[in-house]
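Enquirer: Please see the structure below; I have some questions.
The values are calculated or read from the model by the stated rules, or taken from the named source; none is laboratory data. What you see is a predicted model, and the numbers here were worked out from it, not measured in a lab. So basically every Cβ, Gly included, is an ideal-geometry build from the backbone, and we count neighbours across all protein chains shown.
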Amino acid sequence: MTASPVTALRAAIRNALLADATLTAMLGGPNVFDEAPRSVNPPYVTFGDALWRDLSTRSDTGAEQFVLVNAWSLQRGRHEALDIATRVLALIQDQPLVLTGFNLVNLRLVSMETRREHNGRFARASLKLRAYTEAL
């Protein structure tokens, strides 16, 4: 069993994203990272911060998670970053993701935010997601 529902959820999201030929083409390869290597230029997808709250009961082990998934682009404007983020959301929201050691009850978008990063060099679209998981 995976030690953390956060780790299990991230692995399941990454697997779902990398299995999609359309997203892989948009990213120019399998560019989904926990943290992007310095040698790789956008477009790519990274995981941001996560918050994990215990929702366990006496009989069941459960968790609520808030996770960030970021779509990065070098293009001027935010169109490419938003297109990537929209594709990511379509691939994971309310989809039957398979988590090792956990059951995904629900995964929904809380909010999406765009901004320019690194003195305007990068466009970033961030998906804030809320997930409910139960230990198997």
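Enquirer: Look through segment 36-51, keep the residues that are part of a strand (DSSP E or B) and hydroxyl-bearing (S, T, Y), and return whichever of them is surrounded by the fewest Cβ atoms within 10 Å (Cβ to Cβ). Before the answer, list the steps.
Expert: Residues of segment 36-51 that are part of a strand (DSSP E or B), as a first pass: 44-51.
Next cut, hydroxyl-bearing (S, T, Y) only: 44, 46.
On the way: Y44: 20, T46: 18.
The qualifying residue surrounded by the fewest Cβ atoms within 10 Å (Cβ to Cβ) is T46.
Enquirer: So the check is Cβ under 7 Å with 6+ separation or different chains; which pairs have a first residue in segment 70-94 that's closer than 18 Å to D49 by Cα and a second one that's part of a helix (DSSP H, G or I) and β-branched (V, I, T)?
Expert: Here the result reads A71/I84; A71/V88; I92/I13, each pair linking segment 70-94 to a residue that is part of a helix (DSSP H, G or I) and β-branched (V, I, T).
Enquirer: Could you list, in sequence order, all residues of segment 107-130 that are more than 24 Å from P42 (Cβ to Cβ) and either surrounded by 19 or more Cβ atoms within 10 Å (Cβ to Cβ) or modelled with pLDDT under 95 (or both)?
Expert: Result: L107, single match.
Enquirer: Report, by residue number, each residue of segment 64-95 that is among the charged types (D, E, K, R) and at pLDDT 95 or above. It would help to see each step written out before you state the result.
Expert: First, the residues of segment 64-95 that are among the charged types (D, E, K, R): 64, 76, 78, 80, 83, 87, 94.
Within segment 64-95, E64, E80, D83, R87 qualify.
Enquirer: Additional query: Is one or more of the residues making up segment 52-74 in contact with a Pro (Cβ under 6 Å, 6 or more places away or on another chain), farther than 17 Å from A135 by Cα and crowded, with 17+ Cβ neighbours inside 10 Å? Reasoning before the result, please.
Expert: From segment 52-74, those in contact with a Pro (Cβ under 6 Å, 6 or more places away or on another chain) are 63, 72-74; that's our starting set.
Then keep just the ones that are farther than 17 Å from A135 by Cα; that gives 72-74.
Those left that are additionally crowded, with 17+ Cβ neighbours inside 10 Å: 72-73.
Looking for residues that are in contact with a Pro (Cβ under 6 Å, 6 or more places away or on another chain), farther than 17 Å from A135 by Cα and crowded, with 17+ Cβ neighbours inside 10 Å, one finds at least one in segment 52-74, hence yes.
Enquirer: Still on this structure: Quick test for you: out of A25, A11, pick the one residue that is surrounded by fewer than 12 Cβ atoms within 10 Å (Cβ to Cβ) and hydrophobic (A, V, I, L, M, F, W, C). Break it down stepwise before answering.
Expert: Numbers: A11 fails: surrounded by fewer than 12 Cβ atoms within 10 Å (Cβ to Cβ).
Answer to the check: A25.
Enquirer: So in segment 1-35, with the set limited to residues that are within 19 Å of L129 (Cβ to Cβ) and either assigned to a loop (DSSP other than H, G, I, E, B) or polar (S, T, N, Q) (or both), which one is modelled with the lowest pLDDT?
Expert: T2
Enquirer: Looking at segment 81-130, which of its residues are of a type in the set (D, E) and in a strand (DSSP E or B)? I'd like the intermediate steps shown before the answer.
Expert: From segment 81-130, those of a type in the set (D, E) are 83, 94, 113, 117; that's our starting set.
If the condition is that a residue be of a type in the set (D, E) and in a strand (DSSP E or B), then E113, E117 are the ones that fit.
Enquirer: When you go through (1) crowded, with 16+ Cβ neighbours inside 10 Å; (2) touching a Gly at 6+ places or on another chain (Cβ under 8 Å); (3) in a loop (DSSP other than H, G, I, E, B) one by one for T133, which number turns out not to apply?
Expert: (3)
Enquirer: OK, next. Go through W52, W72 for me and flag whichever is more than 14 Å from the chain's Cα centre (by Cα) and not aliphatic (A, V, I, L, M). Let's see the steps before the verdict.
Expert: Values: W72 fails: more than 14 Å from the chain's Cα centre (by Cα).
Among W52, W72, only W52 is more than 14 Å from the chain's Cα centre (by Cα) and not aliphatic (A, V, I, L, M).
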